[in-house]
Amino acid sequence: MRRLKQLLTVIAAVVGLCAASSGMAADPPAGKAAEGRTKEALALDAVCTKCHDEGENKPVLAYYQTRHGVKADARTPGCQTCHGSSVDHVKNPQGTSPRPTPDVTFGAKSKSTADDKNGVCLTCHKSGNRTYWSGSTHQERDLACATCHTVHAASDRVMAKVTQIDVCFGCHKTQRAQIHLISTHPILVGKVACSDCHNPHGSTTEK
């Protein structure tokens, strides 16, 4: 009886492996990401890039060199996904100069609130390290994601170990001084970054 149970267990395992291997051999269904952005979505971008082109003082079109601007991935946002439809900005019905700003802007002089800006980002980026953003020190001090992150740049300085400290130390002056104490801190030679130990998006612990 015991051997019969062992034999049945082996047979079940073999059948399971065969089923799994046949499933792996089959081509996975084309997901939404593989479909690419629709013509309609790209046309909405064209409304913006008609004016915001290579002549901009800031490298707006570098957006398409980032993960946010992958045209082959349907999940990636477009200009109006983050800035809103901005009809008044586009059509400028009053003919004002300068024309009205987009519905949501992210620059340092933006009239949009930190909650408005962060609400756009957290529509997609709401899990993982961002789980504890609500109630975090940075959130309570009205910092926006765009305060540290640069979406339109081909390389976001806060995401690279070598340049991240310059972004963090823009506010954290005490910590800037502390890493120059007599004991050498590996952050100075780019071996670690602030975010290797601290989660800037919030934590369940004090730091």
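The values are calculated or read from the model by the stated rules, or taken from the named source; none is laboratory data. Quick caveat, the model's predicted, so the values are computed rather than measured. Every residue, glycine among them, receives a Cβ derived from its backbone with ideal geometry; neighbour counts consider all protein chains shown. In case anyone asks, the SASA skips ligands and DNA or RNA and just uses the protein heavy atoms, side chains included. Shrake-Rupley method; radii C 1.70, N 1.55, O 1.52, S 1.80 Å.
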query: Taking the Cβ-Cβ separation of residue 88 and residue 61 as r and a Förster radius of 22 Å, what is the calculated FRET efficiency to the nearest 0.05?
result: 0.40
Most positive-pole-ward Cα, 124, 145, 159, against dipole of the stretch 102-172 from beta carbon charges: 159
- request: Enumerate the calculated ³J(HN,Hα) couplings along the stretch 71-79 in order (Karplus 6.51 cos²θ - 1.76 cosθ + 1.60, θ = phi - 60°), each rounded to whole Hz, writing x wherever the residue is Gly or Pro.
  value: 5, 7, 10, 5, 7, 6, x, x, 3
- request: Pop out the ³J(HN,Hα) list for the stretch 113-125 in order, Karplus 6.51 cos²θ - 1.76 cosθ + 1.60 with θ = phi - 60°, rounded to Hz; leave Gly and Pro as x.
  value: 6, 4, 5, 4, 5, 5, x, 5, 5, 6, 4, 9, 8
task: Could you sort out which of 111/161; 50/126; 50/111; 117/161; 39/109 sit more than 27 Å apart by Cα distance in this structure?
output: 111/161; 50/126; 39/109
- line: Quick tally, 1.4 Å probe accessible area for 63, 132, sorted with the most first, runs 132, 63
